[in-house]
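First the structure, in the form of structure tokens, and then the observations on it.
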Amino acid sequence: MRRRVVVIGAGIVGVSVARWLTRFEDLEVVVVDKEPDVGWGVTKANTSIIHPCHEEDPGRWPVRARLCVRGHRLWYDWVRELDIPARWPGEVIVAKTEEELARISKYVDVARELGIPGVRFIDREELIKMEPAVNPDNVGGLLAKTAGLISPMKAAVAIAENAAANGAKFLLEARVRDIIVEGGAVKGVVTDRGVLEADVAVNAAGVWADKVAEMAGVRDYRIRPRRGQYAVFSDKVGPKPGLILHTAPTPKTKGVYAITTVDGNLMVGPTAEDLPDEGREAREVTAEGIRFVLEQAAKILKSLPPRRKIIRTFAGIRPEPSGGDFIIRFHEEPWGFVEAAGIRSPGLTAAPAIGEEVARLVSEALGGLRERVDWVAVREGIPHPAAMPRHERDELIRRAPEYGRIICTCRKVSEGEVIEAIERARALGAKLTLDGIKFRVGAMYGDCQGSQCRAHIAYLIWRRYGVPPWELTLNKEGSRYALAPIKALLRGGEG
Ligand SMILES: Cc1cc2nc3c(=O)[nH]c(=O)nc-3n(C[C@H](O)[C@H](O)[C@H](O)COP(=O)(O)OP(=O)(O)OC[C@H]3O[C@@H](n4cnc5c(N)ncnc54)[C@H](O)[C@@H]3O)c2cc1C
């Protein structure tokens, strides 16, 4: 008999859980999310680092430390299997003073304890040699060679597509309102789009995890929102540090970073601001926040580009659990309620391992699950002709001419890529939105932030899919791209 697992939350954690669960023949996996697409919660806005994990003290946060290390290892396979853009440049915690160097020496001990290779001190001379963009006022730093960078949104989409290819179903724009518990066990999940029967419900609801837990009668932790703000510079300007650089961690955060993203932009941030309970979705950026990250970045880098070269600012919300550690458990009461909650940083790094752990808990509790022999590990990304060798690009364009028509000149994204992004989003059950396209192929993400190509993309969607611009949304409901047909507006009508 097949048993149904409903995963609440299609962030990096929920989709990783789903990917692991689809390995079992006897499970039907359904992922639900309140948003119109996957990855639009905490996953959308973070520093994008696959951490080396030497900052995760196993004495204080044993689950975080263990799953960070395991997740880091799994990402090497996952980026390859799932065609996720990634780089492994290594990182340095830069120190301004000898005292600061002494303070960060504890991470060498953590690295030793967790078996993390490539962690060692470097002096000023070696630091400057390794990273010419660094501010030479720093006295040295702590190198961690294994740090990597990925595109979190492309990762969430890739994992979701692979889970779907292995049979997982996605139910999006479906807010979970309640969890049905009968006779001490989970029986179903009530969503805006109907009731789903369930033998197991996995809580992977990010900043809302404690609220979802309350629906199952679990009230022993709280999630507090902590905002992080960032500034992203044009990809035309430097410096573009080869290494991931950051200031010394504080009790609240891993510090402020200066990185070159996988898309080739200098990005600096984040802040760490504790917000009130109602700030769980408060993604506003403040002048003070951006000023702070720029000041900190100036301590890390020799020089910063002028502020007018900032093309985008954004903020993400960390889900800080009251106990500090990740909460991963299978409840006996109510039986079948599983949690992957409080997944603050390094949750992106740990996500594949969190998925593995949840799948293990589910399989042990249900017992006797059979592994599929036809499980598919590999997923191919959307072809990007601009990055292909010439003969491959020519061949692709000969077969599909739409790949030869560039629609986003900043990022050199073709019509073919946009169409493929739309088709894949639809196949997943995601709503057709401009942000959904942006996150999948990078159109509208370059220097002009879509001011040139957004209208062309909207027109392409109208022509090909019959969705007029005034019905197209940027992202959530209420973010319509256009108001109405211009003639209707001129007539004073509503369209
Ligand atoms: C500023 C910042 C910087 C960070 N930097 C890093 C980093 O560099 N490296 C790293 O490893 N980690 C980093 N992290 C942490 C990492 O981003 C998170 O741990 C991770 O994204 C959490 O993923 P998640 O799937 O648990 O949450 P989410 O992505 O938020 O997913 C939860 C999903 O649940 C959905 N949901 C919530 N309530 C409901 C409901 N009632 N019904 C239906 N759906 C619901 C939401 O819509 C959301 O999509 C950072 C975080 C922040 C904020």
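Odds and ends about this structure:
- So Ala165, is it away from the ligand (no atom under 14 Å from the Cβ), assigned by TED's automatic domain parsing to the domain that holds Pro334 and surrounded by 23 or more Cβ atoms within 10 Å (Cβ to Cβ): no
- Among the residues of region 233-261, just one is in contact with a helix residue (DSSP H, G or I) (Cβ under 7 Å, 6 or more places away or on another chain) and either modelled with pLDDT under 95 or not assigned by TED's automatic domain parsing to the domain that holds Asn135 (or both), namely Ala248.
- Region 1-14 - residue that is under 22 Å from Arg64 (Cβ atoms) and out of contact with any strand residue (DSSP E or B) (no Cβ under 7 Å at 6 or more places or on another chain) and, of those, farthest from the ligand (Cβ to nearest atom): Ile12
- Test: residue in region 360-377 that is within 18 Å of the chain's Cα centre (by Cα) and either of a type in the set (A, V, I, L, M, F, W, C) or in a strand (DSSP E or B) (or both): no
- Those residues of region 54-73 which are hydrophobic (A, V, I, L, M, F, W, C) and farther than 12 Å from Leu348 by Cβ, in sequence order: Trp61, Val63, Ala65, Val69
- Summed over region 172-203, the residues that are crowded, with 19+ Cβ neighbours inside 10 Å and within 21 Å of Lys431 (Cα to Cα) give a count of 5.
- Residues that are away from the ligand (no atom under 15 Å from the Cβ) and closer than 30 Å to Leu369 by Cα, drawn from region 211-252: Gly217
- Qualifying positions in region 160-202 - in contact with a helix residue (DSSP H, G or I) (Cβ under 9 Å, 6 or more places away or on another chain), more than 28 Å from Glu371 (Cα to Cα) and acidic (Asp, Glu): Asp178
- Filter result for Val119 (under 28 Å from Asn135 (Cβ atoms), surrounded by 17 or more Cβ atoms within 10 Å (Cβ to Cβ) and either assigned by TED's automatic domain parsing to the domain that holds Ala377 or more than 16 Å from the ligand (Cβ to nearest atom) (or both)): yes
- Scanning region 444-470 for residues that are of a type in the set (D, E, K, R) and assigned to a helix (DSSP H, G or I), we see that the one that is surrounded by the most Cβ atoms within 10 Å (Cβ to Cβ) is Arg454.
- Sole exception among (1) surrounded by 14 or more Cβ atoms within 10 Å (Cβ to Cβ); (2) part of a loop (DSSP other than H, G, I, E, B); (3) at pLDDT below 95 for Leu489, by number: (2)
- Just so you know, in region 218-257 the residues that are under 19 Å from the mean Cα position of the chain (by Cα) and closer than 22 Å to Cys410 by Cβ include one that is surrounded by the fewest Cβ atoms within 10 Å (Cβ to Cβ), and it is Val232.
Conditions (1) in a strand (DSSP E or B); (2) not hydroxyl-bearing (Ser, Thr, Tyr), marked per residue:
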site: Tyr76; (1), (2): no, no
site: Val92; (1), (2): yes, yes
site: Glu113; (1), (2): no, yes
site: Ile122; (1), (2): yes, yes
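- Selection count where residues are over 21 Å from the mean Cα position of the chain (by Cα) and either in the same structural domain as Lys302 (by TED's automatic domain parsing) or within 15 Å of the ligand (Cβ to nearest atom) (or both), scope region 196-210: 3
- Restricting region 16-69 to residues that are near the ligand (Cβ under 9 Å from one of its atoms), in a loop (DSSP other than H, G, I, E, B) and among the polar types (S, T, N, Q) leaves a set whose member that is farthest from the chain's Cα centre (by Cα) is Thr47.
- Any hit, region 94-113, residues being among the charged types (D, E, K, R) and touching a helix residue (DSSP H, G or I) at 6+ places or on another chain (Cβ under 9 Å): yes
- Filter pass, Thr313 being hydroxyl-bearing (Ser, Thr, Tyr), within 11 Å of the ligand (Cβ to nearest atom) and at negative phi: no
- Residues of region 331-355 that are buried (at least 19 other Cβ atoms within 10 Å of the Cβ) and either in a strand (DSSP E or B) or away from the ligand (no atom under 13 Å from the Cβ) (or both): His331, Pro334, Gly336, Phe337, Val338, Glu339, Ala340, Ala341.
- On inspection, Phe314 fails the criterion of being at pLDDT 95 or above, in the same structural domain as Val17 (by TED's automatic domain parsing), aromatic (Phe, Trp, Tyr) and farther than 22 Å from Ile180 by Cα.
The values are calculated or read from the model by the stated rules, or taken from the named source; none is laboratory data. Not measured: the values here are computed from a predicted model. Neighbour counts run over all protein chains shown; Cβ positions are idealised from the backbone, glycine included.
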